[in-house]
Amino acid sequence: MTTELAAAPGPKDPADRPPGPRAAHRIAFRLTAPPVSGILRPRMLAVCLALAVLAFLAFCVETSVGDISLPLGDVMRALVGAGDPGTELIVHELRLPRSLAGLLVGIAFGVSGALLQAMTHNPLASPDMMGITQGAGVAVVAGIVLGWDGGLSTQALGLLGALTAALLVYVLAWKRGTTGYRIVLVGVGIAWICTSVTDYLLAHGQRFQAQAALGWLVGNLNGRTWQQITPLAVTLAVLLPVALLLGRLMRTLELGDDVARGLGTRVQTVRVAVLLVAVALVAFGTAAAGPVAFVALAAPQVAQRLTGTSSPPPVAAGLTGAVMVLVSDLAARKLIPDTELPVGIVTGVLGAPVLLWLLVRANRAGSGG
């Protein structure tokens, strides 16, 4: 096996560089056996490694926090099965489901937001803004308040609601094909319709039903169990590789629909596949912890600026989302003594300035209307 490495050629004159963020340094490689070639981005690798370390540290700290604080060393030993029985019981049975929920939900929301923003070429495109999480919310709240669950689990209801909302968005945005601009505009309308339906259901439900639904709608990691974590973990194991494969196809969409078709890309097929993967990720994440606000919107934008890429990178966005959810849940548990706030309140406080900044930036660029 031989390997060839070379710096990827770039424009000689700065005026010849394409518009957008400055491209990160890239290294092209080619293997003769097996015949594989590609481009390494050292900056992206370094950022992903740093984010993975931060996510692991936040995961361990989250697991150590509780009525009885545990040293980080004891937590790490318990995670690998080398701790004492009492510590392992606390870690594995009482605290690990919550920490895993925060980690996996953050990854699911971050990757979903990155896919939607890359597909629509719009930094404001996210499940929160396009009605997908609101569709899942309507289905789950209807199941809680009206009893229309049909024997389905929360995960199944969330997936059904999210898929229905995504289908409505896609059909209403169709006009001899779809564009990212129309998908976002129609999605905003669907989001408000779903929000209104949810408010109506809450207003006409019994008090205890409304309280249960409202606690879920805020986005909460309290009381997570293995039954809620397992479906999300299986979903991520199946769909993350699919998301990475779709990322290669979406790069041609950045050149425009006509150029992408000329290169052999089935534009509408790719868009439908991306939408389905993004919807499934956010639906199972929402079913596990509720619609945690602004993570899918902010995480891809933060990851894009950390890596210096032209579009949100899914892996870095997923890791950024995990760090955001875990750190926000730590803040929610420690911000007010003897009170555990829902994690969605903290992410909403942190994400709202990011949304305002994106709106101001889009308006200055002339794309905000």
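Select from the stretch 147-201 the residues that are assigned to a loop (DSSP other than H, G, I, E, B), at pLDDT 80 or above and not aromatic (Phe, Trp, Tyr) and list them in ascending order.
173, the sole residue that qualifies.
Would you say residue 281 is open to solvent by 70 Å² or more (accessible area, probe 1.4 Å), aliphatic (A, V, I, L, M), within 20 Å of residue 170 (Cβ to Cβ) and in a helix (DSSP H, G or I)?
Answer is no for this residue.
Okay, residues lined up against (1) in contact (Cβ under 8 Å) with a residue 40 or more places away in the chain; (2) out of contact with any Asp or Glu (no Cβ under 6 Å at 6 or more places or on another chain); (3) not in a loop (DSSP other than H, G, I, E, B):
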{"position": "301", "(1), (2), (3)": "yes, yes, yes"}
{"position": "310", "(1), (2), (3)": "yes, yes, no"}
{"position": "318", "(1), (2), (3)": "yes, yes, yes"}
{"position": "321", "(1), (2), (3)": "yes, yes, yes"}
{"position": "326", "(1), (2), (3)": "yes, no, yes"}
{"position": "332", "(1), (2), (3)": "no, yes, yes"}
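Answer yes if at least one residue in the stretch 249-266 is closer than 27 Å to residue 325 by Cβ and either in a loop (DSSP other than H, G, I, E, B) or not hydroxyl-bearing (Ser, Thr, Tyr) (or both), and no otherwise.
Checking the stretch 249-266: at least one residue is closer than 27 Å to residue 325 by Cβ and either in a loop (DSSP other than H, G, I, E, B) or not hydroxyl-bearing (Ser, Thr, Tyr) (or both).
With respect to residue 249, is the statement that it is closer than 23 Å to residue 169 by Cβ, surrounded by 15 or more Cβ atoms within 10 Å (Cβ to Cβ) and free of Cβ contacts under 8 Å to residues at least 60 places away in the same chain true?
yes
What are the pairs, 6+ residues apart or on separate chains, where a residue within the stretch 209-226 that is among the basic types (Lys, Arg) has its Cβ under 9 Å from a residue that is modelled with pLDDT of 85 or more and surrounded by 15 or more Cβ atoms within 10 Å (Cβ to Cβ)?
Note: pairs meeting the criteria are 224/97; 224/98; 224/99; 224/100; 224/101; 224/102; 224/288; 224/289.
Of everything in the stretch 296-308 that's buried (at least 22 other Cβ atoms within 10 Å of the Cβ) and in contact with a Leu (Cβ under 9 Å, 6 or more places away or on another chain), which residue is farthest from residue 130 (Cα to Cα)?
Among them, the one singled out is 303.
Could you pull out every one of the helices (runs of 4 or more DSSP H) wholly within the stretch 12-104 that has 3 or more residues that are among the aliphatic types (A, V, I, L, M), more than 20 Å from residue 318 (Cβ to Cβ) and modelled with pLDDT of 85 or more?
Of the helices (runs of 4 or more DSSP H) lying wholly inside the stretch 12-104, those with at least 3 residues that are among the aliphatic types (A, V, I, L, M), more than 20 Å from residue 318 (Cβ to Cβ) and modelled with pLDDT of 85 or more span 72-79.
Is one or more of the residues making up the stretch 222-233 open to solvent by 10 Å² or more (accessible area, probe 1.4 Å), among the β-branched types (Val, Ile, Thr) and not in a loop (DSSP other than H, G, I, E, B)?
yes
Give 265, 307 a once-over and let me know the one that is modelled with pLDDT of 80 or more and in contact with a helix residue (DSSP H, G or I) (Cβ under 9 Å, 6 or more places away or on another chain).
On inspection, the qualifying residue turns out to be 307.
Scan the stretch 321-360 residue by residue and report those that are of a type outside the set (Val, Ile, Thr) and open to solvent by less than 20 Å² (accessible area, probe 1.4 Å).
If the condition is that a residue be of a type outside the set (Val, Ile, Thr) and open to solvent by less than 20 Å² (accessible area, probe 1.4 Å), then 321, 322, 326, 328, 329, 332, 344, 348, 351, 358 are the ones that fit.
Name the residues in the stretch 218-277 that are of a type in the set (A, V, I, L, M) and under 30 Å from residue 340 (Cα atoms), would you?
218, 221, 229, 232, 233, 234, 236
Of all residues in the stretch 252-272, count the ones that are open to solvent by 80 Å² or more (accessible area, probe 1.4 Å) and under 14 Å from residue 121 (Cα atoms).
The qualifying residues number 1.
Being open to solvent by 80 Å² or more (accessible area, probe 1.4 Å) and without any contact (Cβ under 8 Å) to a residue 12 or more places away in the chain is the filter here; which residues of the stretch 234-246 pass it?
If the condition is that a residue be open to solvent by 80 Å² or more (accessible area, probe 1.4 Å) and without any contact (Cβ under 8 Å) to a residue 12 or more places away in the chain, then 234, 238, 245 are the ones that fit.
The values are calculated or read from the model by the stated rules, or taken from the named source; none is laboratory data. Small disclaimer: the values here were computed from a predicted structure and weren't measured. Ideal geometry is used to build each Cβ from the backbone, glycine not excepted, and the neighbour counts take in all protein chains shown. For the accessible areas, the whole protein counts, side chains as well, though only heavy atoms, and no ligand, DNA or RNA atoms are used. Shrake-Rupley method; radii C 1.70, N 1.55, O 1.52, S 1.80 Å.
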